[in-house]
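K.L.:
For reference, the structure I am asking about is given below.
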Amino acid sequence: MKLEDLLQETVTALSSNKARSGLTILGIVIGIASVIAMISIGQGVSEQIKSSIEGLGSNLLTVMPGFIQPGRGVVSAGRGTAESLEQDDVEIIREIDGVVSVSPEVQRRFQVVSETGNNTNTLVLGILPEYLEARNVFVQEGSFITDANVRALGRVVVLGPTVAEDIFSAQDPIGRTIRISGMNFKVIGLLQSKGSAGFFNPDDAVFIPLTTMQKVITGEDFLSAIAVSVASEDRMPLVQAEITQALAKKHRVDPENPDFSILSQADIIGALTQVTTTFTIFLAAVAGISLIVGGIGIMNMMLTTVKERTREIGLRKAIGAKRCDISRQFLAEAVALTFLGGVLGIILGWAVSFAVSHFAGLATKVSPGAILLAFLVASAIGIIFGYYPAKRAAGLNPIEALRYE
Amino acid sequence: MIECKDISKIYKSGPSTSSGQAIETRALKNVSFKVSQGEFLAIMGPSGSGKSTLMHIMGCLDTPNGGQYFLEGRDVSRLSDDELADIRMQKIGFVFQAFNLLPRATVLRNVTLPLLYAGLSRKERENQAREALKSSAFPEEFWNHYSNQLSGGMMQRVAIARALCNNPAIILADEPTGNLDTKTGKQVLDTFQHLHIKQGRTIILITHEQYVAEHAQRVIHIRDGSVVGDEKVKVRRLANHHYET
């Protein structure tokens, strides 16, 4: 039997029962589409997180209180709450060779309320003017916190774009007043958006002078983090080691087991990539289960078809079809179903991931690898789940098959 | 042309229980006969006589347990399934009682079906199918009709055309008039006689009706798996009198 004839036979057979073929294909379409969509969401979120972390400043070291054990990512547990970093540490770091700027930070979550009563729970950061340079942020409108603000314990605030939109909607926030922890602050500036990074959003924060945060709001001198901007990327390991030595000496702790930790951007990216990869695999595995269910649907339909067409199989064998002719015909039908389902599933999956990024705001990325994977899996399912029914059809005895009622 | 030599067939059925005793049915017992080229033979017998088993063996759908079956001088009684499929494709045309056409397929597609497995091109297939449809006197205006829209007699003629299209050495017809009324049955028998007389085809007709068998030249009677009679038809019935020779 020629390939062209085989295709013709397959098309005829499948189109003779359109509803059943369509529903069977639907099973595969849903399976493939969910695999594609899930992988694209996972990969998209992962890439977005990576790029926005890189956008926070590439030559950046972050000194955090508490010791982060090797092998355990930054995401593990509340070590940032230890109170071991103080204002004096900033001066020590500033004197180290290769350090460009040092930005101490205190962060806490507060309810932020506008004059009109709109409010949001957001991150309040007490910072110095150096923050701008160290963290790679830009002012969109108004001005940033100045040294004068810091010295005077100024009640001024710079808003992140998400917060500005949440509490002032479309209105211009500059010059207005907001309340943080029961105190009035004047809005002096608005930052440019850095874009959401999936799990955390650098735009959802407000900035006040460090001194105001420490003396007026929290009443504590401890720092949540010290961001250190290094002159160049290749000097980062050396600077990291020097900071460790200097701070360990000052804190009188063993440098091998200090009461603080220093993270580079690479560490953070590494840790988050690990999380998002696990997340992607998990999503794909769940979607993969629906693909197996779809495959069972194919097998079910093919077994029904073989049963229904027993007499036809008997006739075909009687007029000269060999075993392989029959098994090829039924295998071709199963593969054609999954192939069609695969193509439609890729299109649907693409559309779903587009819709997710459009309506839910999650970044998605449909990679050629995911498409290839989906395609191979679909073909494999066609062959695996079509094999048994095809073998059953080919093994029928023509005499009995012709008598079958 | 065809020679059956001491053919016997035993079916084992029933549960092979712990006692290991399966029930044996001897469907054919040392059946021997010859059919020559261009002969129109009827095999007659009541149901259960073994005539279907004999047809299956002659049609290479089954192999005998004992004896030999020669088709065009070749012993085909010990071939494998796929080799038998090849022989069926090249040498044998089947006509069944229940027609066994593909529903939802046109007449032309039904007739070309055996040629699909012969690996012919679409054009060759259709040419041969047209020839076969003409031989079986199938009206041309119905060639593109779906087979399930046709009457029984028409369906059987499509089936005859399908049996003819690969130009087989023998045509095996198993109760071809069994599902038809007398009038359409007669038309089908007319078609067989036409193929025999005008085209010199070798035709083997299996039936349990004396009337139908009398359209052949020779009748072999089978009872309980053995040949009990082999005789020339003395007064041959003609479905259509213009064949008189």
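K.L.:
Of (1) within 13 Å of another protein chain (Cβ to nearest Cβ); (2) more than 25 Å from A:Gly395 (Cβ to Cβ); (3) part of a helix (DSSP H, G or I), B:Arg130 satisfies all except one. Which?
P.N.:
(1)
K.L.:
Let me ask something else. If I filter region A:344-352 for residues that are farther than 22 Å from A:Ile281 by Cα, within 48 Å of the chain's Cα centre (by Cα) and of a type in the set (A, V, I, L, M), do I get at least one hit? Step through it out loud before you land on a result.
P.N.:
Taking region A:344-352 first, the residues farther than 22 Å from A:Ile281 by Cα are A:344.
Subset that is within 48 Å of the chain's Cα centre (by Cα): A:344.
Restricting the remaining residues to those that are of a type in the set (A, V, I, L, M) gives A:344.
The answer is yes, given that some residue of region A:344-352 is farther than 22 Å from A:Ile281 by Cα, within 48 Å of the chain's Cα centre (by Cα) and of a type in the set (A, V, I, L, M).
K.L.:
Taking the criterion of being modelled with pLDDT of 90 or more and assigned to a loop (DSSP other than H, G, I, E, B), would at least one residue in region B:191-203 satisfy it?
P.N.:
For region B:191-203, residues modelled with pLDDT of 90 or more and assigned to a loop (DSSP other than H, G, I, E, B): present.
K.L.:
So, one more: Condition first: surrounded by fewer than 17 Cβ atoms within 10 Å (Cβ to Cβ), modelled with pLDDT of 85 or more and not hydrophobic (A, V, I, L, M, F, W, C). Now tell me which residues in region A:220-236 satisfy that.
P.N.:
A:Arg235, the sole residue that qualifies.
K.L.:
Still on this structure: Contact list please: Cβ distance under 6 Å, first residue in region A:293-320 and among the hydroxyl-bearing types (Ser, Thr, Tyr), second residue part of a helix (DSSP H, G or I), pairs at least six apart or on different chains.
P.N.:
Final answer for the pair search is A:Thr310/A:Ala401.
K.L.:
Do we find a residue being touching a Leu at 6+ places or on another chain (Cβ under 8 Å), buried (at least 17 other Cβ atoms within 10 Å of the Cβ), within 12 Å of another protein chain (Cβ to nearest Cβ) and under 22 Å from B:Pro176 (Cα atoms) anywhere in region B:60-79?
P.N.:
yes
K.L.:
Residues in region A:317-333: is at least one more than 14 Å from chain B (Cβ to nearest Cβ), surrounded by 18 or more Cβ atoms within 10 Å (Cβ to Cβ) and out of contact with any Pro (no Cβ under 7 Å at 6 or more places or on another chain)?
P.N.:
Looking through region A:317-333, at least one residue is more than 14 Å from chain B (Cβ to nearest Cβ), surrounded by 18 or more Cβ atoms within 10 Å (Cβ to Cβ) and out of contact with any Pro (no Cβ under 7 Å at 6 or more places or on another chain).
K.L.:
I would also like to ask the following. What pairs come out if I take residues in region B:65-91 that are within 16 Å of A:Asn397 (Cα to Cα) and acidic (Asp, Glu) and pair them with residues that are part of a loop (DSSP other than H, G, I, E, B) and at pLDDT 90 or above whose C-beta lies under 6 Å away, six or more apart or interchain?
P.N.:
Note: pairs meeting the criteria are B:Asp82/A:Lys322.
K.L.:
With respect to the numbered conditions (1) at pLDDT below 85; (2) part of a helix (DSSP H, G or I), which one is the sole condition not fulfilled by A:Gly57?
P.N.:
Looking at each condition in turn, A:Gly57 falls short on (2).
K.L.:
Of these, A:Gly22, A:Gly27, which one is modelled with pLDDT of 90 or more, within 19 Å of A:Ala380 (Cβ to Cβ) and more than 14 Å from chain B (Cβ to nearest Cβ)?
P.N.:
A:Gly27
K.L.:
On to the next question. As an exercise: evaluate A:Glu165 against (1) assigned to a loop (DSSP other than H, G, I, E, B); (2) out of contact with any strand residue (DSSP E or B) (no Cβ under 6 Å at 6 or more places or on another chain) and give the number of the one condition it does not meet.
P.N.:
Single failed check for A:Glu165: (1).
The values are calculated or read from the model by the stated rules, or taken from the named source; none is laboratory data. No experiment lies behind these values; they were computed from the predicted model shown. Backbone-built Cβ (ideal geometry, glycine too); neighbour counts: all protein chains shown.
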